[in-house]
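Structure record follows, encoded as structure tokens.
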Amino acid sequence: AQQIEPLSDGQQRTILLVEDESDVRILATRMLERLGCRVIAAEDAEMALELAPVSGKIDVLLTDVVLPGLSSASLYERLLKDVPDLPVIYMSGYGDNSAVAQQVTAQGAYFVSKPFTPAALATALESVLK
């Protein structure tokens, strides 16, 4: 198994993870925990909006681009009202990620393609936490 190092600044970060596929959510949670993060996992935007206010400070939103119900963009807009400088990392596993990635990065967000490696996830987190 690949050795996963905690994030370089050594601080424990709280990640709000929003992913509707349970296998991906579980895997991403494990990766994030091995990176030294505290994870609040939600299966959709509505659940994320319920968990966020009672979860303490959230350092990063890590969300699937396509969610059932409320969109990831709407979720992010609503979270920004409470956490104005909240960094976001979007993830997607759809075939043509380039169009999605361009749209997301044009908005100043970070994008990771699924399936991602622990190293790719760590790089994304390090990038948005600077």
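Tabulated data
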read-out: Region 75-91, residues that are open to solvent by 30 Å² or more (accessible area, probe 1.4 Å) and assigned to a helix (DSSP H, G or I); value: 76, 77, 78, 80, 81, 82
read-out: Conditions (1) without any contact (Cβ under 8 Å) to a residue 12 or more places away in the chain; (2) over 17 Å from residue 117 (Cα atoms); number of the one not met by residue 60; value: (1)
read-out: Inter-residue pairs, beta-carbon under 7 Å, first over 14 Å from residue 28 (Cβ atoms) and in region 114-129, second modelled with pLDDT under 90 and open to solvent by 40 Å² or more (accessible area, probe 1.4 Å), 6+ apart; value: 126/8; 127/110; 128/110
read-out: Scan of region 26-48 for residues that are open to solvent by less than 40 Å² (accessible area, probe 1.4 Å) and either farther than 13 Å from residue 62 by Cβ or part of a helix (DSSP H, G or I) (or both), ordered by number; value: 28, 29, 31, 32, 36, 44, 45, 48
read-out: Residue 65, sole failed condition from (1) more than 15 Å from residue 112 (Cβ to Cβ); (2) open to solvent by 10 Å² or more (accessible area, probe 1.4 Å); value: (1)
read-out: The lone exception for residue 130 - which of (1) modelled with pLDDT under 95; (2) touching a helix residue (DSSP H, G or I) at 6+ places or on another chain (Cβ under 8 Å) it fails; value: (2)
read-out: Qualifying position, being touching a Ser or Thr at 6+ places or on another chain (Cβ under 6 Å) and either at pLDDT below 90 or of a type in the set (A, V, I, L, M) (or both), among 60, 100; value: 100
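The values are calculated or read from the model by the stated rules, or taken from the named source; none is laboratory data. Please read all numbers here as calculations on a predicted model, not as lab measurements. Glycine gets a Cβ as well: all are built from the backbone with ideal geometry, and neighbour counts include every protein chain shown. Note: accessible area is taken over every heavy atom of the protein model, side chains too, but ligands, DNA and RNA are not part of it. Shrake-Rupley method; radii C 1.70, N 1.55, O 1.52, S 1.80 Å.
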